[in-house]
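Novice: Below is a structure I'd like to ask you about.
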Amino acid sequence: MSAFPHAHYLAGAHEPNQFIPDTGAEVCFGGRSNSGKSSAINAITQRNGLARTSKTPGLTQLVNFFELEPGRRLVDLPGYGFAKVPRPLQEHWKKLLEAYFSSRSTLKALFLIVDVRRGLGEQDLQMIQYARSCGRAVHVLLTKADKLTRNQGASVLAGVRRQLGDTATAQLLSAPKKTGVDEARKALKAFLREKTPAGDGPPPG
């Protein structure tokens, strides 16, 4: 049974005035367009078709809102770092994301999706810095952990945690093998239910 049996798509926003009402609580998922973001979302929610997956990076072009349960949402952000996306569209996405982070009082945290084989890139670090500057907590999901051995994955995770310090938390995740999925789901639920102001650090447990 799905962890969120009533999860469903609400709306996609191409402009800030299309964002849904700013009530309840939400957590957004962002990352490079080929980082495995949609697969991670589907694995964590246990809903295979919730977020669209494709072999073509850059498919998510809107800020997509999903209701997981009443008053609790997951938000799928456009991916970044895909060279084939026209520059005007890249600039539009940048402004859309800035508007999203600056206007959503219900936003509790950013789940940043990073391919474990690539590690944190410059744009990932900029995304973390921006989210933290807006007072949002950040939890990094190092996806595609099944592509590395257990020791390799542990080494990368330790390095990323040293690099992040106290600015963000991090974990390994493999959507196909379900590695780290329960841990990520627990973190998502905790962020969505926290009553403290966003950005005060990771939730307990």
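The values are calculated or read from the model by the stated rules, or taken from the named source; none is laboratory data. Everything quoted here is computed from the prediction, not taken from an experiment. A quick note on method: Cβ atoms are made from the backbone with ideal geometry, for glycine too, and the neighbour counts reach across all protein chains shown.
Novice: Looking at Thr149, is it of a type in the set (S, T, N, Q) and surrounded by 16 or more Cβ atoms within 10 Å (Cβ to Cβ)?
Specialist: Values: of a type in the set (S, T, N, Q): yes; surrounded by 16 or more Cβ atoms within 10 Å (Cβ to Cβ): no.
Here the answer is no, as Thr149 does not meet what is asked.
Novice: Looking for something part of a helix (DSSP H, G or I), farther than 28 Å from Gly24 by Cα and of a type in the set (D, E, K, R) - is there at least one such residue anywhere in the range 161-174?
Specialist: Taking the range 161-174 first, the residues part of a helix (DSSP H, G or I) are 161-164.
Those still in the list that are farther than 28 Å from Gly24 by Cα too: 161-164.
From the residues that got through so far, the ones that are of a type in the set (D, E, K, R) too are 161-162.
Taking every residue of the range 161-174 in turn, at least one turns out to be part of a helix (DSSP H, G or I), farther than 28 Å from Gly24 by Cα and of a type in the set (D, E, K, R).
Novice: Also, quick follow-up: State yes or no: is Val138 buried (at least 18 other Cβ atoms within 10 Å of the Cβ), under 17 Å from the mean Cα position of the chain (by Cα), aliphatic (A, V, I, L, M) and over 20 Å from Arg47 (Cα atoms)? Show your work before the answer.
Specialist: Values: buried (at least 18 other Cβ atoms within 10 Å of the Cβ): yes; under 17 Å from the mean Cα position of the chain (by Cα): yes; aliphatic (A, V, I, L, M): yes; over 20 Å from Arg47 (Cα atoms): yes.
When the stated conditions are applied, Val138 passes them.
Novice: For the range 12-36, give me the residue count where each residue is of a type in the set (Val, Ile, Thr) and in a loop (DSSP other than H, G, I, E, B).
Specialist: Of the residues in the range 12-36, the ones of a type in the set (Val, Ile, Thr) are 20, 23, 27.
When the remaining residues are screened for being in a loop (DSSP other than H, G, I, E, B), the result is 20, 23.
Matching residues across the range 12-36 total 2.
Novice: Taking Lys84 as the residue in question, decide whether it is in contact with a Pro (Cβ under 9 Å, 6 or more places away or on another chain), closer than 24 Å to Cys134 by Cβ, modelled with pLDDT under 95 and not in a strand (DSSP E or B). Please lay out each step first, then the result.
Specialist: Values: in contact with a Pro (Cβ under 9 Å, 6 or more places away or on another chain): yes; closer than 24 Å to Cys134 by Cβ: no; modelled with pLDDT under 95: yes; not in a strand (DSSP E or B): yes.
In short, no.
Novice: All but one of (1) modelled with pLDDT under 95; (2) in contact with a strand residue (DSSP E or B) (Cβ under 6 Å, 6 or more places away or on another chain) hold for Glu122; state the number of the condition that does not hold.
Specialist: (2)
Novice: Given Ala109, Ala190, which one is assigned to a helix (DSSP H, G or I), under 25 Å from Arg72 (Cβ atoms) and aliphatic (A, V, I, L, M)?
Specialist: Numbers: Ala109 fails: assigned to a helix (DSSP H, G or I).
None of the other options fit; the residue is Ala190.
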